[in-house]
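The values are calculated or read from the model by the stated rules, or taken from the named source; none is laboratory data. These numbers were taken from a predicted model, which means no experiment stands behind them. Don't worry about glycine lacking a Cβ; one is built from the backbone with ideal geometry, like all the others, and counts go over all protein chains shown.
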Amino acid sequence: MDTINLKRLYALVMIEHGSRRAHLLGVTAHPTGPWTAQAARNFLIGADTANMKFLVHDRAGQFTAAFDAVFADSGLRVLKSPPQAPKANAYCERIIGTLRRELLDRTLVLHERHLRRILTQYLEHYNTARPHRSLGQLCPSQAETGPPSPADLAAHRVHRRLRRHEQTERQRLGDAWRETGPIFTRVDGSPLRPDYLTVRFRNLVRASGLPPIRLHDLRHTLALACGSDLRVVQGTLGHGSIVVTSDIYTSVLPEVYHRSAQAIARLVLGKARRTARNLRKAAA
């Protein structure tokens, strides 16, 4: 990674194969053999190696015999990938690409401390909030504990109100009531079609003369229409990349276009007025 002063920095990152949890071992401008060995010692001080069996790395000169010996003393078997074969360590190559696409290609790094700070913050997000398809859309911190338990709707006031309404309708309809089980049903208790809300929302949008907006995108669009920053929307929705938020999950309303045009007009006209005022002063 190059800083804004064109100084080359290096980061040593380790990823656990099973849980996809990533660890930052260190950042330096001089990745020598003694530095990598010391970074390995620092990592193993607080690391839980009970579930670790192997360490796979390439044949870079920084991974010396001292580096391998640190992990071998902890009971790990060190395996070196074949020369010029990045696919032999595909998981590590993948996280390097992820770091570049989602962080480093979008950030101007000032110095070594800055790079260490942003990598630490991103890896905290990566381990605790970023979903992984290989883990069933869980983040690495949930790989062993599993997803959070669902909320008990029976304890909420809205659910109790719906149950009271259902009981009233059941008594009113008598034998015409259909016992199906879902919480949200038709008037007679029959289940709703899976696309009921989508079709109804599409008809309401068409009848209201609004631009085409999907029901799924409604909260994203309204967040932007209310003036929320795109970064805030990305963090609220938990998107791994701001490109996903801006390109796929947003629809721009006419009001947003209008406010943008007004802001540009105020900027241009204000500059023109100041220029004309300065010219009149100079002529006088």
*Going by the structure shown, is G75 loosely packed, with under 14 Cβ neighbours inside 10 Å, over 30 Å from the mean Cα position of the chain (by Cα) and under 18 Å from H23 (Cβ atoms)?*
yes
*Six or more apart or on different chains, Cβ under 8 Å: which pairs go from a residue in segment 99-125 that's in contact (Cβ under 8 Å) with a residue 12 or more places away in the chain to one that's aromatic (F, W, Y)? Could you list them?*
L99/Y122; E102/Y122; L103/Y122
*Among the residues of segment 87-112, how many are loosely packed, with under 12 Cβ neighbours inside 10 Å and more than 26 Å from K7 (Cβ to Cβ)?*
2
_Candidates A22, A29, A66, A40, filtered to the one that is of a type in the set (A, V, I, L, M, F, W, C), more than 28 Å from R133 (Cα to Cα), at pLDDT 90 or above and surrounded by 16 or more Cβ atoms within 10 Å (Cβ to Cβ)_ = A40
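Look through H159, H165 and report the one residue that is in contact (Cβ under 8 Å) with a residue 12 or more places away in the chain, in a helix (DSSP H, G or I) and not charged (D, E, K, R).
Just one listed residue meets the conditions, H159.
Take the residues of segment 78-120 that are among the β-branched types (V, I, T) and in contact with an Asp or Glu (Cβ under 8 Å, 6 or more places away or on another chain): which is farthest from A60 (Cα to Cα)? Steps first, please.
Start the filter on segment 78-120 by keeping residues that are among the β-branched types (V, I, T), which leaves 78, 95-96, 98, 107, 109, 118, 120.
Remaining after also requiring in contact with an Asp or Glu (Cβ under 8 Å, 6 or more places away or on another chain): 78, 109.
On the way: V78: 14, V109: 25 Å.
It comes out as V109.
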*Scanning segment 31-53 for residues that are in a loop (DSSP other than H, G, I, E, B) and in contact with a strand residue (DSSP E or B) (Cβ under 8 Å, 6 or more places away or on another chain), which turns out farthest from E144 (Cα to Cα)?*
P31
*Between a first residue in segment 175-203 that is farther than 26 Å from R160 by Cβ and a second residue that is surrounded by 12 or more Cβ atoms within 10 Å (Cβ to Cβ), which pairs have beta carbons less than 6 Å apart while being 6 or more apart in sequence or on different chains?*
T198/L215; F201/L215
*Quick one: which of V205, V187, V158, V232 is at pLDDT below 75 and more than 20 Å from the chain's Cα centre (by Cα)?*
V158
_segment 113-130, residues that are under 25 Å from F54 (Cα atoms) and surrounded by fewer than 17 Cβ atoms within 10 Å (Cβ to Cβ)_ = T120, E124, T128
